[in-house]
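Input: a single structure, listed below in structure tokens.
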Amino acid sequence: MEATLFILMADYNPTFVEIKTLQDAEKEIQKIGSDPQSIAIMAPKAVSKNIKLENVILQDAIIIKQDMLSVGGEVAVPRNTFELHDKTGDLLIMGNLKQLYDLVEKLDRHYPRLKNIAKELAMLLKDVK
């Protein structure tokens, strides 16, 4: 087996960029010199948010998790969610703004309880700047 030699070079100066708001994202994307028309498309993908939902019926939690996974995000659910022993639990939804907007659209296509969750999430997200 032939050994491969990797040489670490610092030619590219990788650094973390903290982006907390859409304005931060827009500014950083603009600094790169991206097409101005693409900024609105890319900025929501650069802002990550975590949302806690309380007292969610676990049957709904499973659907929320599946829908969020389908758009590339994640949902932390209680350990016993899939056993449905408890009736409700808290969730932590993790994703970027685009994924969260997509989740709201997906949840709004389901039955009334999930439509209500979609409405509450949409209300929370409408003020994100």
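The values are calculated or read from the model by the stated rules, or taken from the named source; none is laboratory data. What you are looking at is a predicted structure, and each value in this text was computed from that prediction instead of being measured. Every residue, glycine among them, receives a Cβ derived from its backbone with ideal geometry; neighbour counts consider all protein chains shown.
Below is a table of values for the structure above.
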read-out: Counted residues, the stretch 57-108 - those being hydroxyl-bearing (Ser, Thr, Tyr) and under 17 Å from the mean Cα position of the chain (by Cα); value: 2
read-out: Residues of the stretch 56-94 satisfying the condition of being in contact with an Asp or Glu (Cβ under 7 Å, 6 or more places away or on another chain), within 20 Å of Ala122 (Cα to Cα) and not β-branched (Val, Ile, Thr); value: Met68, Asp90, Met94
read-out: Checklist (1) in contact (Cβ under 8 Å) with a residue 60 or more places away in the chain; (2) outside any strand (DSSP E or B) applied to Leu103, failing item; value: (1)
read-out: Residue pairs meeting the criteria (Cβ under 8 Å; at least 6 apart or on separate chains; first of a type in the set (S, T, N, Q), in the stretch 26-46; second surrounded by 15 or more Cβ atoms within 10 Å (Cβ to Cβ)); value: Gln30/Ile39; Ser34/Met42; Ser38/Ile29
read-out: Search result, residues across the stretch 72-129 that are among the acidic types (Asp, Glu) and either at pLDDT 95 or above or in contact with a Cys (Cβ under 6 Å, 6 or more places away or on another chain) (or both); value: Glu74, Asp90, Asp102, Glu105, Asp108, Glu120
